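Data block below; observations after.
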Amino acid sequence: MRTALVAAIKRTSSGNLLAELTLGGRSVLAWQIELAQALGCERVVCMCESPSEEVLAQQKWVESDGHEFHVVRGNIQLTGIMRADDDLVLIADGLVPDRGAVLGLMSDQAQLKKGIWTIASGHELAEAFPEDFERIDRDRHWAGLAIMRAGKVQELADLPQDGNATSLLLRLALQARTECLAVSSDSLEEDRWLLATSQAALEERERALITSSAPAAPASAPFQAVADAIVRETAPRWLEKGAEMSAVGAIAMLGIGALLAGLGLGPWGLGVAAIGAFVGQLSGSWARMRSALWSRGASARLERGLSIVTDLLCVAALALTIASTSISLPLISLAILAMVLSQIAGEGHTPNRPPLVTAIWRDRALHMAIFAGAAGFGLLPEALALFALAAAVQLMLRERAY
C-alpha cells in the first residue's frame with residue numbers, strides 16, 4: 001500500500017494553520033491530499049495536534065472515495081499503522097507544489113521513483129525558509145517531498161517522541177542512503193514550488209492559477225464571453241458552489257420563461273428564457289473553471305446535464321410562443337430543428353478555447369435574445385428558419401473542409 005504523510009501543525013505568524021490557508025477556493029491540505037491521490041496513495045495519514053474542522057472535512061472526503069484516512073497526534077501512533085512493505089510519500093507541512101511538476105519528477109515509465117527531492121542551498125526557498133526546507137549537506141536542502149520505504153517508520157519508537165515526525169523520517173531515509181534527486185529548475189519557476197507561509201503569499205499564485213484555468217470565449221459569443229469574464233473576475237469566491245447555484249437559477253428562469261410563453265406572453269417568455277440561458281452559461285463557466293483547478297467533483301456531468309435541460313426548456317418556450325399564434329406542426333418542429341442543428345454546429349471544439357465560428361452556435365443566451373426580439377416583431381418563424389439554415393450551411397462547410 002502507498003501512504004501519504006501530511007501534517008497540519010505549523011502556523012503562520014498570526015496563528016493560522018498553514019494547512020488551512022486557502023488557494024483557489026480550497027485549503028492547502030486539500031491540495032496536498034489531491035496530489036497524494038494523483039501519486040497513487042490509497043491511504044492518507046495526517047499529523048496534527050487535534051483534528052480541526054478542515055482535517056475532518058478532508059477525512060470525510062477521502063473516505064467517501066473508498067480510501068483510508070488516519071489522524072495521528074504522535075509518533076507512536078504512526079508506528080502502529082504503518083507496514084514495513086508500504087511506500088511512504090512525505091509532503092512537508094504547507095508545501096503546495098505544482099501537480100504537473102511533481103508527476104513529471106516522480107514518475108519513471110509509469111513507476112513511482114523512490115527518493116528524496118532536493119533544491120540547491122543557494123535557492124531562494126532554502127535561504128528564506130531553512131526550517132522548512134532542511135539542510136541535507138553543504139550543497140543541498142530538502143525540497144519538501146520524498147518517497148521512501150515505510151519500514152523506517154518503526155524506528156521512530158526509539159527516537160524522542162516530541163520530535164517532528166517528517167523531519168525524523170527524512171533523517172532516517174538519509175541514513176538508509178535513499179537516493180537524492182534534484183528538482184529541475186523549470187519546476188521551481190513562477191511559484192510552481194510554493195510554501196504557504198501566509199495567505200498573502202498564496203494570492204499571486206492563486207491569480208496565476210485562475211488566469212491559466214479560466215475559460216475565455218471569443219467575441220463571436222458575446223453572452224458566453226461575459227459569463228467567462230464574470231467567473232474570471234470573481235473566482236475563487238464562488239468556485240465551490242457557483243456552478244450548482246447558477247444551475248438552479250437557470251432552470252428556474254427557463255421554466256418561468258416557458259410558462260410565460262404558454263400564457264401568451266411569447267416575447268416576454270423568450271426574454272426571460274434568454275436570461276435563464278445566460279445564467280446556465282455562467283454555471284458552465286464555473287464548472288469548467290472548477291474542473292481545471294480541482295480533480296474532485298462532477299463538474300463535467302453538471303455542465304452536460306444542464307445543457308440538455310436548457311435546450312429542452314428553450315424548445316418548449318419557442319414552441320409555446322409559436323403555438324400561441326399558429327398551431328402548425330411544421331412551424332413548431334422548426335424550433336426543434338433550429339436547436340438541434342445549432343447544437344451540432346457548435347460541437348468539435350475545446351470548451352476553454354472555442355473557434356471563432358463555432359462558438360456562436362454555443363451561445364444559447366444570444367440565440368434566445370435574438371428570438372425574443374424577433375417574436376416582438378412577429379417574425380419568430382422567419383428568424384428560426386434563417387437560424388436553422390445558417391447552422392445547416394455551417395455544417396456543410398465543415399464537412400467540405402474535411
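The values are calculated or read from the model by the stated rules, or taken from the named source; none is laboratory data. Predicted, not measured: the structure shown is a model, and the values here were computed from it. With ideal geometry, Cβ positions are generated from the backbone for all residues, glycine too; neighbour counts draw on all protein chains shown.
Here's the yes/no breakdown for (1) surrounded by fewer than 23 Cβ atoms within 10 Å (Cβ to Cβ); (2) under 24 Å from residue 202 (Cβ atoms):
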| site | (1), (2) |
| --- | --- |
| 9 | yes, yes |
| 14 | yes, yes |
| 26 | yes, yes |
| 33 | no, yes |
| 67 | yes, no |
| 75 | yes, no |
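Any residue at all in segment 47-65 that is surrounded by 15 or more Cβ atoms within 10 Å (Cβ to Cβ), touching a strand residue (DSSP E or B) at 6+ places or on another chain (Cβ under 7 Å), within 22 Å of residue 129 (Cα to Cα) and touching a residue at least 40 places away in the same chain (Cβ under 8 Å)?
Within segment 47-65, one or more residues are surrounded by 15 or more Cβ atoms within 10 Å (Cβ to Cβ), touching a strand residue (DSSP E or B) at 6+ places or on another chain (Cβ under 7 Å), within 22 Å of residue 129 (Cα to Cα) and touching a residue at least 40 places away in the same chain (Cβ under 8 Å).
Take segment 58-88 and flag every residue that is part of a helix (DSSP H, G or I) and either more than 17 Å from residue 42 (Cα to Cα) or among the small types (Gly, Ala, Ser) (or both).
Within segment 58-88, 64, 75, 76, 77, 79, 80 meet the criteria.
May I ask you to list the residues in segment 313-349 that are within 41 Å of the chain's Cα centre (by Cα) and not aliphatic (A, V, I, L, M)?
Of everything in segment 313-349, those that are within 41 Å of the chain's Cα centre (by Cα) and not aliphatic (A, V, I, L, M) turn out to be 314, 321, 333, 342, 343, 346, 347, 348, 349.
As an exercise: evaluate residue 166 against (1) among the hydroxyl-bearing types (Ser, Thr, Tyr); (2) under 30 Å from residue 294 (Cβ atoms); (3) in contact (Cβ under 8 Å) with a residue 12 or more places away in the chain; (4) surrounded by fewer than 18 Cβ atoms within 10 Å (Cβ to Cβ) and give the number of the one condition it does not meet.
It fails just one condition, (4).
Select, from 342, 326, 307, the only residue that is surrounded by fewer than 17 Cβ atoms within 10 Å (Cβ to Cβ) and either modelled with pLDDT of 85 or more or within 24 Å of residue 265 (Cα to Cα) (or both).
326 is the lone residue from the list that is surrounded by fewer than 17 Cβ atoms within 10 Å (Cβ to Cβ) and either modelled with pLDDT of 85 or more or within 24 Å of residue 265 (Cα to Cα) (or both).
Mind telling me which of the residues 95, 156 ends up being of a type in the set (A, V, I, L, M, F, W, C), touching a helix residue (DSSP H, G or I) at 6+ places or on another chain (Cβ under 9 Å) and farther than 18 Å from residue 194 by Cα?
156
Quick one: is residue 277 hydrophobic (A, V, I, L, M, F, W, C) and out of contact with any Ser or Thr (no Cβ under 8 Å at 6 or more places or on another chain)?
Spelling it out, it is not the case that residue 277 is hydrophobic (A, V, I, L, M, F, W, C) and out of contact with any Ser or Thr (no Cβ under 8 Å at 6 or more places or on another chain).
Check residue 79 against each of (1) among the hydroxyl-bearing types (Ser, Thr, Tyr); (2) buried (at least 21 other Cβ atoms within 10 Å of the Cβ); (3) over 28 Å from residue 241 (Cβ atoms) and name the one condition it does not meet.
All conditions are met except number (2).
Residue by residue, here is whether (1) outside the structural domain of residue 293 (by TED's automatic domain parsing); (2) assigned to a loop (DSSP other than H, G, I, E, B); (3) modelled with pLDDT of 85 or more holds:
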residue	(1), (2), (3)
184	yes, yes, yes
190	yes, yes, no
194	yes, no, yes
218	no, yes, yes
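Do any strands (runs of 3 or more DSSP E) lying entirely in segment 89-165 carry at least 3 residues that are out of contact with any strand residue (DSSP E or B) (no Cβ under 6 Å at 6 or more places or on another chain), and which ones are they?
In segment 89-165, there are no strands (runs of 3 or more DSSP E) which contain 3 or more residues that are out of contact with any strand residue (DSSP E or B) (no Cβ under 6 Å at 6 or more places or on another chain).
How many residues, within segment 1-46, are assigned to a strand (DSSP E or B) and either without any contact (Cβ under 8 Å) to a residue 24 or more places away in the chain or aromatic (Phe, Trp, Tyr) (or both)?
The total comes to 1.
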